[in-house]
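The values are calculated or read from the model by the stated rules, or taken from the named source; none is laboratory data. Quantities reported herein were computed from a predicted structural model and do not represent experimental measurements. Positions of Cβ are backbone-derived with ideal geometry, glycine not excepted, and every protein chain shown enters the neighbour counts. Just so you know, the surface numbers come from the protein's heavy atoms only, side chains and all, with ligands and any DNA or RNA stripped out. Shrake-Rupley method; radii C 1.70, N 1.55, O 1.52, S 1.80 Å.
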Amino acid sequence: MWKASPIVGHHRFWGIVDAMRKAGLVTIQRGIRFPSKSRGYDGAPAVLQALQALFDLAEGCGATEGTSAQDWPIVDAVYAQPPRLTKEGLVICRRLGADDPGPAKLPPDQVEKLEALREYVAKLNDAVEKAKIRGCLPPVFRRIFKHDLRLGGRLYSIGHHSMQSLSSAERGIITINGAAVAELDIHASHLSMFLALTGTKELPESDLYAVGGLPREVVKAWLVQTFANGRPARRWARKTAETVREVQCSAAQAAVETAYPAFRQPLDVILPPDLRDRVPRDALGWAVGQYLAFRESEVIQAAIGRILEMTGHVALPVHDSLIVPASIAAFATDCLKTAFDWQAEVYPKIKRKG
């Protein structure tokens, strides 16, 4: 266990404990061991007991029993070493078939672009490695496409206990170079992008999921399932939450189409003609959601690059959001808006947490 942990070793742990004992914060009852005929050795483990002075010190720092889950999350990430990627593994484009994860055959112009993308991801990972990131295992990123470098392309944090798999509350305790963070989320990212690509010149100021008087979660679920299949959802997927199923799928469709008439036309209208020619006809629906993910990933990549160039700070991507030092949240928000406008010629709403 001690050799696997990148955070604390055996001698350092007991050195800290002994210092706490001398400061009157804990007591230590040393373990005992004696020979046993049946198991070789028997005995009792060491016991550490916190004294009231330690509880008082913790409470003075804002750490109480009620905040323990956020202050000291017990995760197995501490036993994992950060993964390493080869240059080829920084950006991968997989074949279209679900049973064939091998590399896709790309046209000549995309082969050159692939190398440029790998250089960008290598630069990002280098910056992340040099930053002091606490509260999670330092992430290592790769971009993953499928069939074409315009399908998919999100930055994924790979390895054990990915930063992107943490809850919003857990991500909130991350620090970058000792600074508290803010998480900046592109509101209704895919919907905003779809509306922009189908002619909307200015997005509403209100919540884009608040339509037809329906619960927000219902509208969002319908849109997620619609974009995933590239056609209006006619029935709820099997794993849809029961609270969503209480509303007819057709009611959600009617509300969305009334609020956003662009959904009355085939959704694959957003695909560039040459990309449409490269995608098999039976996969055009699937390509709709993947193309939206690509446009979103380009926004995130551009914003990360701008933030790093202008401030020297790393921004950690969580698909359609960025985790940045709170001190530069306003600048990072402008970077996200500008990058989105560059991709879609509209300014999205950015929601901030922290």
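Derived scalar couplings between HN and Hα for region 307-317 equal 5, 5, 5, 8, 10, x, 8, 8, 10, 9, x Hz in order, rounded to whole Hz, by the Karplus curve 6.51 cos²θ - 1.76 cosθ + 1.60 (θ = phi - 60°), x for Gly and Pro. The phi-based Karplus calculation (6.51 cos²θ - 1.76 cosθ + 1.60; θ = phi - 60°) puts the 3J(HN,Hα) values of region 137-143 at 5, x, x, 10, 10, 9, 9 Hz, whole numbers, x for Gly and Pro.
Taking amide H as placed 1.01 Å from N in the peptide plane, the amide H of VAL140 sits under 5 Å from that of ILE158, each at least 5 places away or on another chain.
Of all lysines in the structure, the ones whose alpha carbon falls short of 26 Å from that of LYS337, not counting any fewer than 8 places away in one chain, are LYS113, LYS123, LYS201, LYS220, LYS349, LYS351, LYS353. Going 7 Å from the Cα of VAL224 along its beta-carbon direction, which residues of region 153-172 have the amide nitrogen within less than 16 Å of the resulting point? It comes to 165-168, nothing else.
Take ASP268: with every protein chain present and a 1.4 Å probe, its accessible area is about 40 Å². For the chain, the residue among ALA228, PRO273, LEU292 whose Cα projects farthest onto the positive side of the dipole built from Cβ charges is ALA228.
Ordering of 225-233, 140-148 by packing is 140-148, 225-233, highest average first (other Cβ atoms within 10 Å, averaged per residue). The orientation-averaged projected area of the convex hull spanned by the Cα atoms of region 188-338 comes to 10.5 nm². Among 286-296, 205-215, 41-51, the peptide with the highest mean count of other Cβ atoms within 10 Å heads the list, and the full ranking is 286-296, 205-215, 41-51.
With +1 on each Lys and Arg Cβ and -1 on each Asp and Glu Cβ, how big is the dipole of region 244-354 about its Cα centre, in debye rounded to the nearest 20?
Working: 12 positive and 13 negative charges, 64 e Å.
It comes to approximately 300 debye.
Between ALA283 and THR175, full extension at 0.36 nm per residue minus the direct alpha carbon distance yields a gain of 34.7 nm. Summed over the residues of the chain and divided among them, the accessible surface reaches 56 Å² per residue at a probe radius of 1.4 Å. Over all orientations, region 288-354 has a Cα convex hull whose mean projected area works out to 4.3 square nanometres. Applying 1/(1 + (r/R0)^6) with R0 = 22 Å to the Cβ-Cβ distance of SER36 and ILE16 gives a FRET efficiency near 0.10. Per-residue Karplus couplings for region 227-235, computed as 6.51 cos²θ - 1.76 cosθ + 1.60 with θ equal to phi - 60°, are listed in order as 5, 5, 9, x, 7, x, 5, 9, 8 Hz, Gly and Pro entered as x. Residues whose amide H falls under 5 Å from that of CYS93, counting only those 5 or more places apart or on a different chain, are ALA104, PHE145, with hydrogens built in the peptide plane.
Simple rule: put +1 on each Lys or Arg Cβ and -1 on each Asp or Glu Cβ in region 141-261, find the dipole, and look at ILE174, GLY159, LEU184; the Cα lying farthest toward the positive end is GLY159.
Charging the Cβ of each Asp and Glu at -1 and of each Lys and Arg at +1, and nothing else, the dipole of the chain about its Cα centre rounds to 1000 debye. Under the criterion of Cα pairs below 8 Å and six or more residues apart, the relative contact order for the chain equals 16 percent. Which log10 I(q)/I(0) values does the chain give at q = 0.12 Å⁻¹ under the Debye formula, counting every alpha carbon as one identical point scatterer? Debye intensities relative to I(0), on a log10 scale: -0.99. Element breakdown for the chain at a 1.4 angstrom probe: carbon and sulfur atoms account for 54% of the accessible area.
If R0 is 41 Å, the Cβ-Cβ spacing of SER250 and ASP334 corresponds to a FRET efficiency of close to 0.50. A protection proxy built from the mean count of other Cβ atoms within 10 Å ranks the segments 272-283, 188-199, 314-325, most packed first, as 314-325, 188-199, 272-283. Our estimate of slack between ALA122 and ARG134, defined as 0.36 nm per intervening residue step minus the Cα-Cα distance, is 2.2 nm. Here region 286-354 and region 198-216 have alpha carbon centers that stand 20 Å from each other. Amide hydrogen proximity for VAL181: with H placed 1.01 Å from N in the peptide plane, the residues at 5 or more positions away or on another chain lying under 5 Å are ALA326. Between LYS105 and ARG231, the FRET efficiency from the beta-carbon distance, with R0 = 35 Å, is close to 0.80. Residues of region 11-44 with an amide N closer than 16 Å to a point placed 7 Å from the Cα of LEU57 along the Cα-to-Cβ direction: 13-28. Accessible surface of ILE92, taken over heavy atoms with a 1.4 Å probe and every protein chain present, rounds to 40 Å².
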